[in-house]
Amino acid sequence: MIDKDLAAFLQEGVGIHIATRNASLRPNGARALAVTVDADGLHVVVFVAEAAAARILPDLEANGQVAVGFGRPIDDRACQVKGLYLESRDAGDDDRPIVDAQWNGFLSSLEQIGIPRAMSRGWATWPAVAIRLRANAIFDQTPGPGAGAPIA
């Protein structure tokens with residue numbers, strides 16, 4: 001489902017937002033910090049600051065529906081991965097370099113479009129929670145004629 005090129009984009013340090021909904025279909029979401037894509041191309045781990053994860057985990061655990069949006073600020077390339085929540089765990093020390101590298105990549109891309117790194121101070125990035133999902137649909141969200149089209 002997620003090929004090597006798409007996996008590289010998702011993991012390069014882009015803007016990430018994870019979303020779900022409650023039983024009343026009210027949306028709920030949070031900024032995510034980083035992702036890893038398993039070699040099988042079906043499973044994704046989304047890293048979310050612990051404070052933000054506390055808001056979305058009850059809904060994920062209740063209904064399993066999850067959508068993760070990815071956007072690169074420098075060229076607006078974007079996609080959405082939809083899937084099913086599988087499990088979560090506290091992010092460990094071995095996850096920290098991945099989170100730090102991707103978060104710094106995102107901040108660097110913001111700098112390239114004129115948003116100073118100093119404006120991003122105060123975002124909680126650690127401790128984090130690793131949210132594992134199985135992708136079941138991927139959509140192009142880059143502005144233009146292909147927006148909304150299925151990628152996989």
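At a Förster distance of 22 Å, what's the computed FRET efficiency of Ala149 paired with Ala8, Cβ-Cβ distance as r, to 0.05?
Numbers: r = 20 Å, r/R0 = 0.91.
Using R0 = 22 Å, I get an efficiency of 0.65.
Report the accessible area of Phe106, computed with a 1.4 Å probe over the heavy atoms of all protein chains in place, in Å² rounded to the nearest 10.
Per-residue accessible area (Phe106): approximately 20 Å².
Roughly what would the spin-label model give for Ala101 and Ile74, points 7 Å off Cα along C-beta, in nm?
1.7
With a cut-off of 8 Å between alpha carbons and a minimum separation of six or more residues, what is the relative contact order of the chain in percent? Mind showing how you got there, number by number?
Numbers: 320 pairs, mean separation 43.8, N = 152.
Computed over the chain, the figure is 29 percent.
Under the rule of -39500 (n - 2.57) per DSSP H run of 4 or more residues, summed and divided by the residues of the chain, what mean residue ellipticity at 222 nm is obtained, to the nearest 500 deg cm²/dmol? Intermediate values should be presented prior to the final figure.
Details: 3 runs with 38 residues, N = 152.
After summing the helix terms and dividing by residue count, I get -8000 deg cm²/dmol.
For the chain, I need the span (max minus min coordinate) of the C-alpha atoms along each principal axis, in Å, sorted largest to smallest.
Sorted from largest, the Cα extents of the chain read 39, 38, 32 Å.
Can you sort Asp90, Asp59, Asp75 by 1.4 Å-probe accessible area, starting with the largest? Walk me through the numbers before you get to the answer.
Working: Asp90 110, Asp59 30, Asp75 80 Å².
Sorted by accessible area, descending: Asp90, Asp75, Asp59.
Once the piece of chain linking Ser108 and Ala137 is laid out straight, how much longer is it, given 0.36 nm per residue of separation minus the C-alpha distance between them?
Values: separation 29, 0.36 × 29 = 10.44 nm, distance 2.89 nm.
Using 0.36 nm per residue and subtracting the Cα-Cα distance, I get 7.5 nm.
Probe of 1.4 angstrom, ligands and nucleic acids ignored: what's the accessible area per residue over the chain, in square angstrom? If you can, show how the numbers build up before the last one.
Numbers: 7700 Å² over 152 residues.
Spelled out: the 1.4 Å probe surface of the chain, per residue, equals 51 Å².
In the range 58-90, which residues have a backbone nitrogen under 16 Å from the label point lying 7 Å from Leu42's Cα in the Cα-to-Cβ direction?
Label zone hits: 82-87.
Given Ile115, Ala149, Leu133, which one lies farthest toward the positive end of the charge dipole of the range 68-151, if we put +1 on the Cβ of every Lys and Arg and -1 on the Cβ of every Asp and Glu?
The residue sitting most towards the positive pole is Ala149.
The values are calculated or read from the model by the stated rules, or taken from the named source; none is laboratory data. Everything numeric in this text was worked out from a predicted model, so none of it was measured. Here the Cβ is made from the backbone with ideal geometry for all residues, glycine too, and neighbour counts use every protein chain on show. Note: accessible area is taken over every heavy atom of the protein model, side chains too, but ligands, DNA and RNA are not part of it. Shrake-Rupley method; radii C 1.70, N 1.55, O 1.52, S 1.80 Å.
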